[in-house]
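Beneath this line is the structure, given in structure tokens, with notes to follow.
The values are calculated or read from the model by the stated rules, or taken from the named source; none is laboratory data. Every value quoted in this text rests on a predicted model; they were computed, and no experiment measured them. Don't worry about glycine lacking a Cβ; one is built from the backbone with ideal geometry, like all the others, and counts go over all protein chains shown.
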Amino acid sequence: MSPPADLIKAIRTGLLSEVIAALDAGAQVELHDGQGDSGLPLAMACFMGFAEIVRELIIRGATVNFPDNRDSKSPLSMAIRGGRTEVVKVLIELGAVIPPDFQTGLTQQELKVAQWKAQHFGAANSQSGQGGTAPSEVEEIQVLGCYGTDTDILNAEMRQAIEEMTKKKS
């Protein structure tokens with residue numbers, strides 16, 4: 001088979017190692033669908049729910065954003081239509097822009113965590129298009145010494161820290 005056919009077959013079977021092999025053999029990450037639109041490999045991986053394949057394709061240059069991510073063929077829309085919340089998280093972490101009032105299928109907390117990862121690990125910020133920021137303070141918690149700790153308080157503090165970061169950016 002040819003590298004493009006190998007790539008499509010690898011994505012359909014969900015085998016990351018074969019996707020990598022097809023890309024290394026020369027398959028283009030931006031293959032065209034039957035109507036001439038590019039992005040077929042990423043769209044397939046998003047719809048089918050293969051988060052690690054989605055990550056690999058984007059790292060190798062697949063376009064994560066359409067001019068309007070509400071477009072039914074955008075990676076974000078494909079993942080949402082397929083009910084693939086793990087893929088939606090990966091897309092946001094890797095810079096997908098979420099249109100205003102767009103339902104992602106994620107909870108508010110999942111959305112904020114994915115946006116935080118996008119900010120702090122170098123992906124474009126999903127709301128502003130900005131790159132990663134300077135590292136923030138991180139509190140180290142010794143798990144063995146936490147027996148009996150009310151984790152609801154820790155979760156509340158984490159949500160509060162995320163909200164404060166969001167307010168600072170606005």
Tell me which residues, restricted to region 21-42, are in contact with a Lys or Arg (Cβ under 9 Å, 6 or more places away or on another chain) and surrounded by 15 or more Cβ atoms within 10 Å (Cβ to Cβ). Ala22, Leu23, Val29, Gly39
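Checking the condition farther than 22 Å from Val97 by Cα and either aromatic (Phe, Trp, Tyr) or surrounded by 14 or more Cβ atoms within 10 Å (Cβ to Cβ) (or both), which residue from Leu76, Leu16 passes? Explain how you work it out, then say what you get.
Details: Leu76 fails: farther than 22 Å from Val97 by Cα.
Step by step, each of Leu76, Leu16 is checked, and only Leu16 is farther than 22 Å from Val97 by Cα and either aromatic (Phe, Trp, Tyr) or surrounded by 14 or more Cβ atoms within 10 Å (Cβ to Cβ) (or both).
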Tell me whether region 102-124 contains one or more residues that are surrounded by 14 or more Cβ atoms within 10 Å (Cβ to Cβ) and modelled with pLDDT under 75. yes
Set Ala45, Ala96: member being at negative phi, of a type in the set (A, V, I, L, M), crowded, with 24+ Cβ neighbours inside 10 Å and assigned to a loop (DSSP other than H, G, I, E, B): Ala96
Taking the stated definitions as given, is Val64 closer than 30 Å to Ala156 by Cα, of a type outside the set (Phe, Trp, Tyr) and crowded, with 19+ Cβ neighbours inside 10 Å? no
For region 13-35, name all the residues that are without any contact (Cβ under 8 Å) to a residue 24 or more places away in the chain, in a loop (DSSP other than H, G, I, E, B), among the hydrophobic types (A, V, I, L, M, F, W, C) and over 17 Å from Ala51 (Cβ atoms). Ala25
Evaluate the following for Thr166: is it modelled with pLDDT under 80 and in contact with a helix residue (DSSP H, G or I) (Cβ under 8 Å, 6 or more places away or on another chain)? no
